[in-house]
Amino acid sequence: MTLFVFVASLIGAMAIGVPVAFSLMFCGVVLMWYMGMFNTQIIAQNMIAGADTFTLLAIPFFILAGELMNAGGLSRRIIDFAIACVGHIRGGLGIVAIVAALIMASISGSAAADTAALAAILIPMMAKAGYNVPRSAGLIAAGGVIAPVIPPSMAFIVFGVAANVSITQLFMAGIVPGLMMGLALVVTWLIVVRKDNVQPLPRASGAEQLRVTGRALWALGMPVIILGGIKAGVVTPTEAAVIAAAYALFVGMVIYRELAPRELPRVILHAAKTTSVIMFLVCAALVSAWLITAANIPAEITGLIEPLIDRPTLLMFVIMILVLIVGTALDLTPTILILTPVLMPIIKQAGIDPVYFGVLFIMNNCIGLLTPPVGVVLNVVSGVGRVPLGKVTVGVWPFLLAQTLVLLLLVLFPDLVIVPARWLH
């Protein structure tokens, strides 16, 4: 019965338009009332505990790094570098979008920010070159959702805190799956682009490639510093976030000189607003997470799926389908915060590697960013690229299917995640 009370109160609050953070607090209050332990002090204590975590400091700094990267010209130089390398290939601008998405993902970890930067620059170029615009917009959206899978990833940070799993291990485990997502997009793009009558860009000369590479070196050095520092154990993910923000500020203001001092308040304010939304969600989720444990809801769910506990692959299939369905209606962070405290006890009881589960869980949530009716990244591409949302939704389907197939492959063959993660760690 407690499971029904939790689900009904949460879904009911969201159904009438209550924001997700307040819905999480509301379902916590309902659970307390149902169990006869209503106490406002529990809400306050858990909300404060939700924010009082050193690891979560990485979130505002990685968000700030992404904002500074876009405002300071780093994103533009990464795209120019990709164009110089592969822009001359038939369908090359699509490959440029994927390569640039992979590089930018290793810097900011924000799907929305990376997608906005790519869409603003590449969609007009692709339209001018004769590419199918809805399909191009769909590709850019699918490339943007790789950002939360490749480190540094804010989604991994939130999951790591909620599930008490090593964020460094999650970062290392996300590299190969993220690259596999990019490769799947390349293969799919090369298949579908044959229908378009496109005009490849002229091949860049050796001198031009050297010039563009030289201009992009400072931007390309950012992921090397972040991932190299974490891998070497020199910095923690939180310290790496601070370095990333400082590096992006220095390069944008001193090296590229595209970030004027008068623009800093606007950039910092935008980063602060985004941070406040995520942190309030985390705080509110800690209230419901504490009550989920107190009400023993994981044990109720375990009882429902007990026949699957000894069959981890089938259990993963069932969980991935559940997450995919929830992801069509919720954004990335709320889905993580709502489902993680419910699912983690089941995962541990089934003997599934928590890091492996975390990677697939985040991948699945990223796919949810491409699915209507919510489809946050689809809305970003539609707004920035000025392409009707319905057309973007149609254009993204081949790439959505490709990334779902990658997820299916990783469910069937866990070693594709586990073995590289052990080697990289």
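Derivation of every value follows stated rules applied to the coordinates shown; laboratory data play no part. Just so you know, these numbers come straight off a predicted model, no measurement behind them. Ideal geometry is used to build each Cβ from the backbone, glycine not excepted, and the neighbour counts take in all protein chains shown.
Here is what passes the span test in the chain: the DSSP H helices with alpha carbon length of 24 Å or more along the helix axis and a Kyte-Doolittle mean of 1.0 or above are 111-128, 167-192, 264-294, 332-349, 389-412.
For a quick protection proxy, order the peptides 266-275, 389-398 by their average other-Cβ count within 10 Å, most packed first.
Working: 266-275: 15.3, 389-398: 19.0.
By packing density, highest mean first, the sequence is 389-398, 266-275.
Pick from Ala111, Ala245, Ala13 the residue whose mean-square fluctuation is largest in a GNM of the chain, springs joining Cα atoms under 10 Å. So, out of Ala111, Ala245, Ala13, the one fluctuating most is Ala13.
Protection proxy ranking, highest mean first, for peptides 231-243, 276-288, 135-147, 117-129: 135-147, 276-288, 117-129, 231-243, where packing is the per-residue count of other beta-carbon atoms within 10 Å, averaged. In terms of its alpha-carbon gyration tensor, the chain comes out prolate; a/c meets the 1.5 threshold, and the first ratio a/b outweighs b/c.
Would you please classify the overall shape of the range 79-120 from the alpha carbon gyration tensor, given that a ≥ b ≥ c denote the square roots of the eigenvalues, rounded means a/c under 1.5, and beyond that prolate means a/b larger than b/c while oblate covers the rest?
Values: a/c = 2.64, a/b = 1.98, b/c = 1.33.
The shape class here is prolate.
Per residue, the chain reaches -25000 deg cm²/dmol at 222 nm when only DSSP H runs of four or more residues are counted, each adding -39500 (n - 2.57). Cut-off 10 angstrom, C-alpha nodes, Gaussian network model of the chain. Which of Tyr247, Tyr34, Tyr356 fluctuates the most? Its mean-square fluctuation being the largest, the pick is Tyr34.
A dipole drawn for the chain from +1 and -1 charges on Cβ atoms has a positive end, and of Gly92, Ala112, Ala421 the residue lying farthest that way is Gly92. Which shape class applies to the range 168-237: rounded if a/c is under 1.5, otherwise prolate when a/b exceeds b/c and oblate if not, where a ≥ b ≥ c are the square roots of the Cα gyration tensor eigenvalues? In terms of gyration-tensor shape, oblate. 5 Å is the cut-off here: which amide hydrogens, built 1.01 Å from N in the peptide plane, fall below it relative to Val165, excluding neighbours closer than 5 in sequence? Those qualifying (amide H under 5 Å, at least 5 residues apart or on another chain) number zero.
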